[in-house]
Structure formats: structure tokens, C-alpha cells
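Quick notes on the structure that follows.
Since every read-out is calculated from the coordinates, none of them should be taken as a lab result. Bear in mind that the values here come from a model prediction, so they are computed numbers and not experimental data. Here the Cβ positions follow ideal geometry from the backbone for every residue, glycine too, while neighbour counts run over all protein chains shown.
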Amino acid sequence: MLIQAAVNGVVLGSLFALLAVGLTLTYGVMEVPNFAQAGVITLSAYAMLWLNQTAACPFWIAALGGLVVGGVVSVLTERIAYRFVRTRPLAAPVVALGLLLILDNTALILFGGDHVSLSPPYAGDVIYVGSATVPAVGVALIGTTAVALLALWLFLQRTKTGRAIRAVSQNAEAAAILGIRLERQYIVSFFISGILAGLVAFAYGPMYAVYPYMADAILLNAFVVVVLGGLGNVAGAAVCGLLLGLLESFGAIYVSAAYQNLFGFAVLLLMIVLRPAGLFTNRSRRVA
Amino acid sequence: MTEIGMYGQQETRQRVRPRPAWDYLGIALLGFGLWVLLVESNSFYSSVLATILIWTIATSGLNIIAGLGGYPSLVQGAFYGIGAYGSALAMKWGQPFWAACIEAVLAAGILGLIVGLVFSRTRGQYFAIGTMFTGLVVSLVLSNWQSLTNGLLGINVEFGFGSIDQLNVVIPAAAAFSLMLVRFVSRRRLGWRLLTILEDEDLAEHIGVPTARTKLTGFVLSACVGAVAGVLIAQYNGTISPDLFDYYVGFVMFVALSVGGAGRVLGPLLGSAFIVGTPDLLNLSSGIGLLLAGIIFVVVIIVIPGGFMSAIDAVMAAASRSVRR
Amino acid sequence: MTEFLEVEGASKTFGGVRAVDGMDIKLAEGQICGLIGPNGSGKTTLLGLLSGTYRPDRGTIKLRGQRLDGLSTHRTVQQGVARTFQTSRLFFRWPLGANLAAAAAARLLTSTGDDADGGQEKLLALVGLAGRGDVVCSSLSNAEQRLAMLAVALATRPHLLLLDEPAVGMSPAETAALGQVIQRIRGELGVTVLIVEHNMHFMMGLADRIVAMNAGRKLAEGTPAEIRGNPDVIAAYLGS
Amino acid sequence: MRRVSNDRLTILAGTALAAALLLAPSTPSRADDAKTVTVGAILPITGFLSTLGPPERDAMQMGIEDINKVGGFEVGGQRYTLKLKVLDDESNPATVGVTAYRQLVDVDKVPVLVIAAGTRNYQALFRRSPLPVLNILDSTYPSILDVDKHVFLLRSDTPAYVPGAVWYLKNVLKKERIAFIGAGADPYSAGIETWVKKAAEEYGVKIVSVVNYPLNTTNFAPFIQAAMAEKPDAIYLGGVTQEVLPVAKQLFQSGIRDLPVVHNSGVTPTQAKQIIGDPLYNDVMANNYDFAGTLPETSDNPATKKFYKDFVTRFNQYPSDLTMWAYDTPFVLVVAMQKAGTVTDRDKIYQAMLGMPVPANTISGWIPADGGKLFHDRDAQTMSEGIGWCSDKKTIAPVFLYFMDGLKVTREKVVADACKDH
């Protein structure tokens, strides 16, 4: 039972890490709690579904199409709404939830409310880890997250744009003074966050089903990770994502499955009270 | 330049001398007018109006801590839910109706006290996120505590009033009273202190305002008024389920307040009428209804941060200027 | 007879840095005392301890025999301590009159708004802002905003007034005017004033006593003349 | 300059705006056309019960069209035709359903209300404005019939089909150790769980584990593992299609492929393909057994066979048992109104319904109660059927027919090779 719980935890943890990293990017750069990310995931998943079933593209092409849609929709949210509340941190969370309302219900109107399954070719396979079993879609999720985290880390450390984004998230004014064009960094970071949302759709879609509010619950869980990991701290988010996944899966098996995501929220509430700036924060960002 | 208003509204807000009590008369007249509307129109429109009025009460409660105090609480939906479930369960366990109401409001007040204490040190965005997750935890407990709340199926509520007509009087009266309460609080010491906290909490502390105690009082008051709305929705619908008090509801109430005009007496009424009324009146499916609400909300928050009431102010100020010229 | 203000062994550390390290200060009622020292000597932190903005890690602060060191900020204000800030802080969206009304009523039981005894006009005249009550603070000039902060602090009817670099960004003429305002505050209201300030010329002409600090400790104390000639103070300022 | 105090003007403007906002769209409520009787129905068109609402709406529409085709029906010397008005409760009776109830019952004044889920949520409203209520879906335990005396159930209640599934597991599939997985908070699943336990006790089958997961769970791995820890030889899944299929899929994905998976959700091949996904659904459904009402396709009544063909051609959806009950609903209403001699007096129609016979051209194959009455104490009953899966034809086929008399299985018939002649 122990291995199974650990395996479940790694799968769940990878999901949270992948989600949290996307959120952290936008939170770090623009101090925006980007709840609308759940809507981006939903629309990206529906794009994959439409390409795969209606337009009958092979699964991998459909997946790529979904990633691009995710990126574009995410940039759109910044261009039409977040841009205007950059100087108003109090308005940001409510605008984010407003955007979530818009994106989720657009999906509901365009594609209807039915649960439809996104099935990759490996949907039915199983991998055995000792006595524990892992569905192939779970392994795909772990793989996707590993690749995404590595790519993101390389991008942020090695490339010029990556360093510019990190500079902006450290101190936007200083970065501007150094000649970094802020607008461009906001667009790039939202585009990347949109790609990450597409990856979540690609990896999480097949596990349950695609429906308009599919990502709301897991996004709220992931938000716990964003706060735990320290706002704007990518490494922190990845590690905490894994930790929360393990905590929830062990909690589910050994304590009570009904209140599985309650453990995460309890930890979050504790965090906000005790250390408003998070565990791993590299600077105590005083949120207005 | 720090953000000087809660939503960055730049316009100045005149602190005028307190006026005689005709404000309350105006609101009482408004309440009477709404009662006539409630009783006269056919049952579908009166059910929409009743929901609007009950939402006005809950949003008016929120107006105390969010409108006056500038604290963006997204947990009002949970207090609303505790009022409903508290009164329904108390009656199920044999309490008389009026006792059940008081117990429900007290329970919400106590939760408000706890949440207020827990979040006393957090501000702004963290307060919003913290209260949102608190609302999430409460809605999770409501839908999963199978033995107590019967889970997602919800529970039926005994009718505590003498008759439907009695309830139809209480709802608009309570709505008018909740608007008056905000006007009353805004001109008492509690209101002033909340307003100083809205403007600049640190400075308020340094001129002697006991900010922690003031915020807590405002929060508990908001919770109790929210619970009153909960009791009424339970009585009106006759049945309640966790979906009525989903964490989302706290956010939509905050939307209604912001759209209507936070800190303004009529803000909750206008906001609720708009956010709750429009989808029902145009009987849109909740998908399109919520989409519309989302779009309008984002536009209003960006274009007129002060909400409708500040727009009305601007229009009237312009009108009075042009009249005099 | 108990001293007006007695501070013994006051200390405060921020994240490992010992900003104030065992300071002792005594102030007599009605005195104007200057607090000088190079940047980072702990002047502002000490002011913060007196005003209740921070709580001291160790040491005691007594005002007219009342212990202040354990109190929260607003309770310290209620004991009659008021302060201004380096950057001007007002309720910018409100008119100045409303700021004063809020300050006056914050700790009293009555509701505010009605300026019963015309105190506001007297206060505004005292600080040189007569008739500016209806102006919204955001449209006051920089110097006027600094004077407005002074008026707001006085509106809480303090016994001890703490000024945090009040003359920053003021022209020589405005600085001189400020000096007179402070004299009048001490003279007409009998308020004891402690000023943290760099402008030595301003302080020399104004303060009855001066305390010099360096690295969180008291370097020297005495009349302006004594301090001006004190070698340690000069060394600390010019850097040894 | 003394600005006009804006608060007084704002209050007046606010009042005017609020009044205008509420009065403007008040269209006069539509008086009913004397010749048409509205059949009002609250069905779950969207939300997690969305696999059940649409087929019921479509089948009811077909029933109404067949009645109107022959000139409608005659009551008290006046000819009437029927018109269907369906409101979507979005699988959320307590909030959206309540509003729909008021619209149909108070505003449109329908003589009889047809509902699917949420009977308990309308209890207070039944008392305020009582009328006969026909439920065409909601079989739970404790039964909805005790919610209010005006409620009729136009389908067999849970005890009429669940025990047959356990009997089949023991006597046909020779299984002894059942693991039950279901959503505790869902009354349909809770009802099934109760009767599975009762039947297991009666037939000497062991329930090795009962696992309840919270509603809108998406990751069932921990629950599946908890159930499998007891080494069951059969899995029983409680709940409707939208709950059962994801669990069946994740069972398959966790490598559990040889145990029979039994449920009572009335799944159609099209729904299985959509929810589980193509081509996986054919493998997942292979050892799937669905015990519910009889299927139109397998009925030997010619009218039912015709209904099956018409439904498939018109909606290209596979009609399950609930479509037959929905098709019969207008026929039941017509006979009730004719017997009561009124289309408006709700109480007379209610009394007529209590004693009414089985209407002539219904297709569900109602088994009459004593005296030829349709309702056995307000519950109309049909034969029940066990349905298996034919992997080669990727569709469903009947494997077992039965009728429950208490806990005794009667008129049982095991279909030897179901997929052959299908």
C-alpha cells in the first residue's frame, strides 16, 4: 500500500507542480493570482479535443494545436484585462476570477456541458512499479512535468528573455530602468504560462474527462503550492507541488479520502497567517 | 504612488457634514416600493426580486467590511450558508423558529470572529485569497459532511413564518434595514474608523484608531448580516443545498458590491439587481448568464472602479454643474 | 518627582541588526530635544519605539510614570504620544478638515464630523495653514502636506510630539517658518517635542538639548553648543 | 460653493433606476391557448446528469407528436392537443430547479408536473402549490414516494431491479465476493448500495468492501485501491452513467480487467464511447453488466420495436429504458385527464391517476397491479433486464430478464448467447 500511495503522490504532485509553475510565472512577473489559468486549460483541452475528433488530426498534432491555443488565450487575458490592473493589486484577484467566469462559460456555450474523454493512443496501458500500478496517462503526466520544468529552468537561466523575466519579477521598476521592455516580458511570460496550461490539458485531460469546469478544483489546489513555494519562486513551486501531492495522497489513504483536498487548503490558510511570503521566498515581498 | 483608493478610484470623496435623518426615510420609502413590487408582480418576477433583495442584505453586510473598511472579503458566501444551514438544522433539532435564527446569526458571528482573528495580520490581496479559501473550506464541509448536512442533496427547511405574505413583508423590510444599517454605521464611530483604515491603515493606527478591534467588529457585523440573508433564503426556497453557498458565491457577492459601488449605501441593491437580476430576467441559461456577468464585471472594475454609484455621482455632478452654469 | 519621559536600556533588533542598543534618555516637560546622528544610527528606530510603531525587545519607556513599552501603537497614541513621518502620510482623498476631525475623534467616544469648539481653525492657524481646512490633501503643496501632518498629530492632543525629519525638502524660508511653528507648539500648547533631523543649523537654533547617537547607542548629550564642539560627534559625522 | 449634497439625489436616482430595472421587462404572462394543454417538465439537460435529460425530452416529444397526430384527445366534449415545455434544472434542483418549479407550476399553471431528479428538494413547494407529480427517473432508497402523496414514480423502484443483479452474479457468474464503490452523497448510489447489501444477505453473497468517494471526485485511484485490497471477485459500481463510467475506465487503467463490473446506470454505447473515449471503451465495457429496465430494442412488442427504430433514425442515439417511460408519460397524462374529466383541476386529475388502468398504446410493458391498475401504490413497474456488452459489435445486448417479487427473482430467463442473434 505504501508504494501505491507514493506513486499516486508523485503523479498528483507532478500535476500540482506543472500547474503551480505556470501560476508562479504570472504571479512573479505581474503579481497577478491568475485564476483564469483554469479557463485557459479548459479551452486548450477543448481545442485538442476538437482537432482530434472533429478535425480528425492525429493525437500529437491536436496536442500541439492545443498548446498554441493555450498560449494565445493566456496572452489575450493579459492584453484585455490584467494589463489595466497592474497598479491595483486589490483589483487583480477579482478580475482574475471574472476572467475565469468568462473562459469557463465560453467553453460551456461553445462545446456544451457533457463530459467527453480526450484519449491518447496509450490511454489503456498500465505500468507496474513493484506491486503498485500506474496508468500510462499518469506516467505521461510525470514525464510532461519533468520535461516542462527542465525546459522552463533552462529558459529562465540560460536565455536572454528568461533572465529579463526573472529581473522583472525581482523588481519591475529597476528592470525598466535597465531598459527591459516590460510589455514584452509580460506577453512572453503569459504566453509561456499558456503553453504550460496546454501541457496540463494534454496530461490531465485523458485522466478524467474534458468539461467546462474541469480545471477549477485542481487549480485551487495548485494555488496552495504557489503560496507555499513563495510567490514568484519557480523552484519553490515545483518542490512544493510534489510535497503537496504526496501529502494529499497519503492523507487520502491513511486519513480520509473524502477530505482529500482539505489538507492542502488547511496548509494554505496556515501559511497565509504564519508566513505571508511563503516558505522558499527569496525576498519578503510585501504584497500591498 | 501607492494605490490610494481601494479600487484605485481617483475621484475625491467628499466627507460632508451629517444630514438630518431623511436618508433613512428615503430608504424606508424605497423598501415600501420594493414590497409593493414583490407582492404585485407575478410569481416568477417576484421570486427573482426576492432573490435580489436577499442578496442585497448579504451584500450590504459585506459592504461594512469591504465597502467601508476596504477589506476585500470573499467569504461572505460562507456566512450566508451558515445562516441558512444553521437555522434549518436548529429547527430540525426542535428549536423554535426565532431561536433558530438567533443561533444561526450567532454561529456566523463566531465564525466571523475566528476568521477575522486568523486574518487580522494579512492585508489586501492576501486577505482576499485567504478569505476565498476559507469560503472554499466551508463549502467543502457543507457538501461532504454527509451525516450533518446530508451532502449535495441538501436539506428541507421548516417554514417558520406565519404565512407567505409575512415572509414577503420581512424580506424587503430586512433589505431596507440592511441598507440603513450601513448608512448608520458609516456615520457612527465604527464607520469613521473603518474609513480611516480604508484610506491608510498604518496612519489610522498612529492617530489612535484601534485598527485590529475595529476590523474585527466590522467583520463580525458583516458575518451576522450575511447570516440573516441566509436564514431568509432558506425560508423562501424551502430547501437549501451546498451549491447555493459555493465558494464562488462569496466572489459573486463581492462582484455585486463592486459593480454597485463599494462603500455606497445603495451599492448592494444596484449591484445585486444587476448581477442576480439580469440573468434571471432575460432567462438566460446560467452559462450565458455567468459569461455576461463575467464580461460586465471585468469591464466595470476596469472602466469605473467605483462601480455604478460613482458613475451616477459623476453624471449628477456634471448635471448639477451644467444646470448652474 | 517622576521625569516627564524616562527611557532606560531600550533595545530593538531587526533581522539580526541591533538598530537600538540599550538607549537611556530623560526628557523634561515642555522641552524641545533634538536627536542627531549619521544615517543608520538608529534615530528613526528609537523614534518608532517611543511612538509605539515598534515594540522594544528590552528596556522600559515611561511617560509621566506610565509604562509605554508594552502597548500597541494606538494605545501609545491614547497615552498622549503623536508623531509625523519622513514621507508625508495623510488621508489624501479627504479634505484637511476631515483629517483633523478623524484624528481628534479616533480615540474619543463621540462620533465625529462636528468641529464643536472651532479647535480645527486654531490648529490650522498655529501651523500656518489657516483657512485651508476644505482643501483635499492630495492637492496641498509638499511643504503644506508636511505642516498638515503636524496639524493631524496635534489634533490627537498629545503631550509628547515626535517629529521625523520635519524639514526634509523644505526651502530655507519654509524651514525657518517651521522653527517658529515648533516654538509656538511648545509655547502655546505646552507640548514636549523630540525632533529627529539632519539640518544642524535648524536644530542648533531650536533645540534646548541635543542627544547624539551612533550605531544604536548614545554618543553624547548636552546643550547645542556642547554637542557642536564634542569631538566624538564630529568624528562620527565626518567618519573616523 | 456649496455643492448640491449628492447623497439625496443619488438615493432618488437609485430608486428610479431600481424600479425601472425591475418593471421594464415584465411581459404579460402568456394565457394558455384554450385548445392546448402544456406538459411541463423539469429535466437535467446540462450538468452531471446530462446523459439522462435530453433522451427523456426527445422521447416525450415523440409521444406527444404521436398523440397530436391522431388529432389529440377529447375531454368533456372538447378536443385538446399537447405541447411540451421542458426547463433545464442543470442537475441542480435545489437552486435552478426551484425557480423552474415556480415558472411551470405558478406561472404556466401546468396540470401535471414531470420531473426527473430532486424530488426531495421540492418537498416544501409541493406543500405550497400541490399538483400531481410524475417522476420518470429518480429511484432512490428511501423511496421518493414518501416525500409527498402527490408523487408518482413511472418506473420500477430500486428494489425492483438491484437484487436481480446480485442474484445473477451468484447464480450465473458464480461470484462470491463483491466490492461496492459509489458516491455516498448521491441518493441514487446510496439506494443501490442499500439493496445490494440486502440482496447479498438474502442470497448468501459476501460484500467484502464498501468504498464511498465524495461527489465530483476525478481521481479514483485511492478508492479503487482500497476496494481491491479485499481481493473481491466482482465490482459493483453505484451511481448514474456520468459517475460509473469514469470509475470503470480508471479500474481498467489500473490493470483490473478480468473482474465483472456491475452497475445500474442504463449506459448506451454512444455515451460509453463519448465518456470513456474511442477505442478504449470497447475494452473497458467488455466485462460490464448493466441491470435496469427493459430495453426497447430487445422488446417483442411491435410498437416498442417501432419506437426504437424511429428514435435511432431521428436522434441517432441508442434509446435506453428511460426513453420508454418518457414516451409513455403523455399517454398516462391523457388517460388521467380523461378519467378526471378535466384538464385544469389538479386534485381531480390526481385522484384519477391513483386508480387509472394501464393506458392502451404505451410501450414500456407495464405490469399491471391488482385490478389492472397502472400504479402499484403510486409506483408503475416493468420487467427488469440485465444487459451485457458485445465486443465484436461494440454494442449492448440483453443477457438476463427477470421480475422481482420482494427479494424473490421470478420469471427469470437467462439469454444463452446474447450477442449471436442480436
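Given H placed on each backbone N at 1.01 Å, which residues far from residue A:57 in sequence or on other chains put an amide H within less than 5 Å of it?
The answer is A:52.
For a quick check: with amide H placed at 1.01 Å from N, whose amide H comes under 5 Å from residue D:236's, ignoring anything fewer than 5 positions away on the same chain?
D:179, D:180, D:181, D:262
Around residue C:14, under 13 Å between beta carbons, what's the net of Lys plus Arg minus Asp minus Glu among the other residues?
Working: positive: C:12, C:18, C:55; negative: C:21, C:57.
Result for the neighbourhood of residue C:14: +1.
Which log10 I(q)/I(0) values, to two decimals, does the stretch A:1-113 give at q = 0.10, 0.11, 0.13 Å⁻¹ under the Debye formula with one point per Cα?
Values, matching the q order: -0.37, -0.44, -0.60.
Could you work out the local net charge near residue D:266, counting Lys and Arg as +1, Asp and Glu as -1, over the other residues with Cβ closer than 9 Å to its Cβ?
On the way: positive: none; negative: D:290, D:321.
Here the charged neighbours net out to -2.
Provide the three semi-axes, in whole Å and in decreasing order, of the ellipsoid equivalent to the stretch B:22-248 as defined by the square roots of 5 times the Cα gyration tensor eigenvalues. Don't skip to the end; give the middle numbers.
Numbers: eigenvalues 171, 106, 37 Å².
Semi-axes (√(5λ), whole Å): 29, 23, 14.
So what's the Cα pair-distance distribution over the protein assembly as shown, bin width 10 Å, in %?
Taking every Cα pair in the protein assembly as shown, the percentages come to 2, 9, 15, 19, 18, 15, 10, 6, 4, 2, 1, 0, 0.
Please list, in order along the stretch D:59-69, the HN-Hα scalar couplings obtained from phi with the Karplus expression 6.51 cos²θ - 1.76 cosθ + 1.60 (θ = phi - 60°), rounded to whole Hz, x for Gly and Pro.
5, 4, 4, 4, x, 4, 4, 5, 5, 5, 4
Name the lysines eligible as straight-distance cross-link partners of residue D:306: C-alpha to C-alpha under 27 Å, and not fewer than 8 places from it in the same chain.
Answer for residue D:306, where 27 Å is the Cα cut-off: D:69, D:83, D:85, D:273, D:373, D:393, D:394, D:413, D:420, listed by chain and number.
Convert each backbone phi in the stretch D:326-339 into a coupling constant with the Karplus relation 6.51 cos²θ - 1.76 cosθ + 1.60 (shift: θ = phi - 60°), then list the ³J(HN,Hα) values in order as whole Hz, x for Gly and Pro.
Here the 3J(HN,Hα) series is 5, 4, 6, 3, x, 5, 5, 4, 4, 4, 4, 5, 5, 5 Hz.
Under 1.5 on a/c is rounded, so check that first for chain D, then, if it is not, pick prolate when a/b is larger than b/c and oblate when it is not; a ≥ b ≥ c are the square roots of the alpha carbon gyration tensor eigenvalues.
Here chain D falls in the oblate category.
Helix D:302-315 versus the longest principal axis of chain D: what is the Cα-based angle in degrees, 0 to 90, to the nearest 10?
Orientation of helix D:302-315: about 70 degrees from the principal axis.
Looking at chain A, what % of the alpha carbon pairs are farther apart than 29 Å?
Details: 12681 of 41328 pairs.
Considering chain A, 31 percent of its Cα-Cα pairs are separated by more than 29 Å.
Which residue, D:203, D:101, D:161, tops the fluctuation ranking in a GNM of chain D built on C-alpha contacts under 10 Å?
D:203
Where both partners of a DSSP beta bridge lie in the protein assembly as shown, what percent of those bridges are antiparallel, to the nearest 5? Numbers along the way, then the final one.
Numbers: 51 of 102 bridges.
Rounded to the nearest five, the antiparallel share is 50 percent.
Would the stretch D:48-135 count as rounded, prolate or oblate if I go by the C-alpha gyration tensor, calling it rounded below 1.5 in a/c and otherwise prolate when a/b exceeds b/c, oblate otherwise?
Numbers: a/c = 2.74, a/b = 1.42, b/c = 1.93.
Judged from the Cα gyration tensor, the stretch D:48-135 comes out oblate (a/c at least 1.5, b/c at or above a/b).
Helix D:6-23 against the longest principal axis of chain D: what's the angle in degrees, Cα atoms only, rounded to the nearest 10?
60 degrees
Helix-only estimate, please: 222 nm mean residue ellipticity of chain C, summing -39500 (n - 2.57) across DSSP H runs of length 4 or more and dividing by its residues, to the nearest 500. Intermediate values should be presented prior to the final figure.
Details: 9 runs with 87 residues, N = 240.
For chain C, the value works out to -10500 deg cm²/dmol.
Short version: what are the Cα gyration tensor semi-axes of the stretch C:2-114, square root of 5 times each eigenvalue, largest first, in whole Å? Can you show the working numbers first?
Details: eigenvalues 151, 62, 37 Å².
The three semi-axes for the stretch C:2-114 are 28, 18, 14 Å.
Kindly point out which whole DSSP H helices in chain B project their C-alpha atoms 18 angstrom or further along the helix axis while averaging a Kyte-Doolittle hydropathy of 1.6 or above.
Span-like helices, by this rule, are B:97-118, B:247-260, B:286-303.
No other cysteine beta carbon under 4.7 Å away is the test; run it over the protein assembly as shown and list who passes.
A:57, A:240, B:101, B:224, C:33, C:137
Out of the DSSP beta bridges found with both residues in chain D, what percent are antiparallel (nearest 5)?
40 percent
To the nearest 10 degrees, how steeply does helix D:346-355 sit against the main Cα axis of chain D, on a 0 to 90 scale?
20 degrees
Would you compute the Debye intensity of the stretch B:267-310 from its alpha-carbon atoms alone, equal scatterers and no solvent, and pass along log10 I(q)/I(0) at q = 0.13, 0.15, 0.22, 0.33 Å⁻¹ to two decimals?
-0.28, -0.37, -0.73, -1.13
State the answer as a single residue: which of A:185, C:220, D:291 lies farthest towards the positive end of the charge dipole of the protein assembly as shown, with beta carbon charges of +1 for Lys and Arg and -1 for Asp and Glu, about the Cα centre.
After comparing all options, I get C:220.
Starting from 0 in steps of 5 Å, tell me what percent of the Cα-Cα pairs of the stretch B:135-217 lands in each bin.
Histogram of Cα-Cα distances, whole percents per bin: 3, 11, 12, 9, 9, 14, 16, 12, 9, 4, 1.
In chain A, which whole DSSP H runs stretch at least 24 Å along their own axis (Cα) and average -1.0 or higher on the Kyte-Doolittle scale?
Span-like helices here: A:2-30, A:59-80, A:91-111, A:136-158, A:182-204, A:234-254.
Using the Cβ atoms and a cut-off under 11 Å, what net charge is assigned to the surroundings of residue C:165, where Lys and Arg are +1 and Asp and Glu are -1? Present the calculation step by step, with values, prior to reporting the outcome.
Details: positive: C:43, C:146; negative: C:164, C:197.
So the surrounding residues net to 0.
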